[in-house]
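What follows is one structure encoded as structure tokens, with my remarks underneath.
The values are calculated or read from the model by the stated rules, or taken from the named source; none is laboratory data. The shown structure was predicted, so the numbers you read here are calculated from the model rather than taken from an experiment. Neighbour counts are summed over all protein chains in view; Cβ atoms, including those assigned to glycine, are modelled from backbone coordinates with ideal geometry. Surface areas here come from the heavy atoms of the whole protein model, side chains and all, with no ligands, DNA or RNA. Shrake-Rupley method; radii C 1.70, N 1.55, O 1.52, S 1.80 Å.
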Amino acid sequence: MTNLLGKPISFWLDSTAKTTYPKMKNVTVDVAIIGAGITGITAAYLLKKSGKTVALIEAQQIAASASGHTTAKVTSLHQLIYADLIERHGEEKARLYGESNQAGVEFVATTVEQEGIDCDFQRNETYSFAKNKDNLDKIQKEYDAAIKLGLPAEFATETTLPFEIAGAVKFNNQAEFHVRKYLLHLAKIISGDGSYIFENSRVQTVEEATPCKVFTNDTTLLARDVLLTTHLPIMDQGLFFAKTYPQRSYIIGAKINAEKAPRGMYIGVGNNYHSIRTTPTENGDLLLLIGGGGHKVGAKSETEESYQELEQYAHSYFDIDKIDYRWSSQDYESFDKLPYIGKLTPANNHIYLATGFNLWGMSKGTMAAMILADLIQGITNPWADVYDSLRATPFVTSESMKNNLEVGMHWVGDRLKGLTKWSTDDVKPGEGKLINLKGETIGVYKDKTGNVTAVSATCPHLGCIVNWNSAEKTWDCPCHGGRFTCDGKVIQSPPVKDLEPKLLS
Ligand SMILES: Cc1cc2nc3c(=O)[nH]c(=O)nc-3n(C[C@H](O)[C@H](O)[C@H](O)COP(=O)(O)OP(=O)(O)OC[C@H]3O[C@@H](n4cnc5c(N)ncnc54)[C@H](O)[C@@H]3O)c2cc1C
Ligand code: FES
């Protein structure tokens, strides 16, 4: 077992208090919002301000899933996107993408000011950089596309990074913040006057009716409209699990002297890129955040390697003493590079969703909430058509075929996995392993004291076989990114049920 460095918790969670909202009750509201990340919290805030009563329902704790594990750059510069969008969707849609994400950035800035939110918000520049000449043409194309679309782009060759770069696209007047300080403040404005926040309340399903019914295992809530802001929708009807794929990535945090720290927010391009920013800490130090090591969820078991690569990168380029934090998270990427925002299916009049933020959900989740709030109120939104969740989906591109094929291979191939002859001695303390017991694949985990837990390795979502994630000590589903604790409790949608407990005898 590898000894990883740094406290295994997101800095955003470690530096804010835990929330303690009650469990869901049988109440009636105008809008039920399921999932309290940046999308759900922002939508609930907007709808409450518009005069609606809302219930924000969270399976675990609010602002603690992807939105509590991000790098929290709030920008419309999404690594390389604009040249690609122009090619795929044309100039007008690319322009609306830029405009709507800029609006997301400005919404955060205005809300911080209007609500007086103390969240380390600051304007800053973002850079997408090519370290060497191999990727310079991509940077040039992105710069040209951004200028064509009227975005605040500059071409840069100098940065405050501690290494030379070949070139970068730079967007001015973007932003960074402490994401949980921002979201927890918005949450305080949501509850009260007939509106609610519920935690530890995993929604099992929603029934469209007049009003809609939202079910947890022991409660039913009624609402005229329902927003599924669960990252990937928990309802399968719109097939969004097949229109996106889950991508996991890693972050480390290390204290750094302000004089030696880079200024601005950075992301590399090409293979094995890194994402870089700093954030202030309570005692006045700066924490350098470095992200990277991305891979499809469930596609890698030895996930410690991703952290080790980040540690090496941090030590080789930055003047830091030690690694203070490490954490990881995931996001859903859409095959056509646009998020899905709108109705669940053409048959649903009152159930809406937002997903597919391609690792840029601070601006996109905010912008999605603005669109959803307008749709619910019958207000025409200028960007709604670009992201229409009912749009024709390019299932049959070579990219989506490859991804779906990989998922399919997991589906079939993974069933053959697992040790057939084994004893509990084969599983080391702190390790999880798949075994084959009487034809069934079982996930076996041994804790540090030698206690063994066994669960069915079949994901309750659509039946794929989960894979062990050694750094996080979780069972991760390679098909649509569902994740479970080492003893099988669901922690990441789309599944809503736990892995079935098993007896080994
Ligand atoms: C490592 C990493 C770095 C990133 N850095 C950036 C960045 O710098 N800038 C940027 O713009 N984006 C970044 N992103 C992307 C961004 O963090 C996400 O796109 C965004 O947080 C997604 O927000 P969300 O509200 O859709 O989902 P989440 O924050 O995951 O919220 C969904 C919520 O729904 C809840 N839920 C799920 N199922 C149920 C259920 N059945 N019942 C009730 N609740 C349920 C979950 O518990 C969760 O709290 C990064 C992503 C990663 C992985
Ligand atoms: S998450 Fe869909 S099958 Fe596991």
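The DSSP beta bridges internal to the chain are antiparallel in roughly 75% of cases.
Of the cross-linked pairs Lys181/Lys337; Lys133/Lys170; Lys7/Lys322, those separated by over 20 Å at the C-alpha level are Lys181/Lys337.
Between Thr28 and Asp137, what is the spin-label point distance in nm, taking each point 7 Å from the Cα along the Cα→C-beta axis? In this crude label model, Thr28 to Asp137 measures out at 6.4 nm.
On the basis of the beta-carbon distance and an R0 of 56 Å, Gln312 and Thr210 show a calculated FRET efficiency of 0.45. Shown for the chain: cysteine residues without a partner Cβ closer than 4.7 Å, namely Cys119, Cys212, Cys486. Ignoring lysines fewer than eight residues from Lys213 along the same chain, the ones with Cα atoms less than 30 angstrom from its Cα are Lys18, Lys23, Lys25, Lys48, Lys49, Lys52, Lys188, Lys243, Lys343, Lys364, Lys489, Lys497.
Run the accessible area of the chain with a 1.4 Å probe and give the carbon-and-sulfur part as a rounded percent.
49 percent
Taking all protein chains into account, the per residue accessible area for the chain stands at 41 Å² (1.4 Å probe). Phi angles across the stretch 472-489 convert, under the Karplus curve 6.51 cos²θ - 1.76 cosθ + 1.60 with θ = phi - 60°, into 3J(HN,Hα) values of 8, 6, 9, 9, 10, 8, x, 6, 10, x, x, 9, 9, 5, 4, 9, x, 7 Hz, Gly and Pro given as x. Secondary-structure-derived ellipticity at 222 nm for the chain, considering helices only, amounts to -8000 deg cm²/dmol, per-run term -39500 (n - 2.57) for DSSP H runs with n ≥ 4. The length gained on full extension between Glu106 and Glu305, counted as 0.36 nm times the residue separation minus their Cα-Cα distance, comes to 67.9 nm.
Computed from backbone phi with θ = phi - 60° and the Karplus coefficients 6.51, -1.76 and 1.60, the 3J(HN,Hα) list for the stretch 337-353 is 6, 10, x, 9, 9, x, 6, 5, 9, x, 7, 8, 9, 10, 10, 10, 8 Hz; x is used for glycine and proline. For the stretch 266-289 versus the stretch 457-505, the spacing of their alpha-carbon centroids is 31 Å. Peptide packing for 227-234, 456-463 was compared via the average number of neighbouring C-beta atoms within 10 Å per residue; ordered from the highest value, the list is 227-234, 456-463.
In a simple Cβ point-charge model (Lys, Arg +1; Asp, Glu -1; nothing else charged), the chain has a dipole of about 940 debye relative to its Cα centre.
Model label points for Glu158 and Glu431, set 7 angstrom from Cα along the Cα-to-Cβ axis, are 5.4 nm apart.
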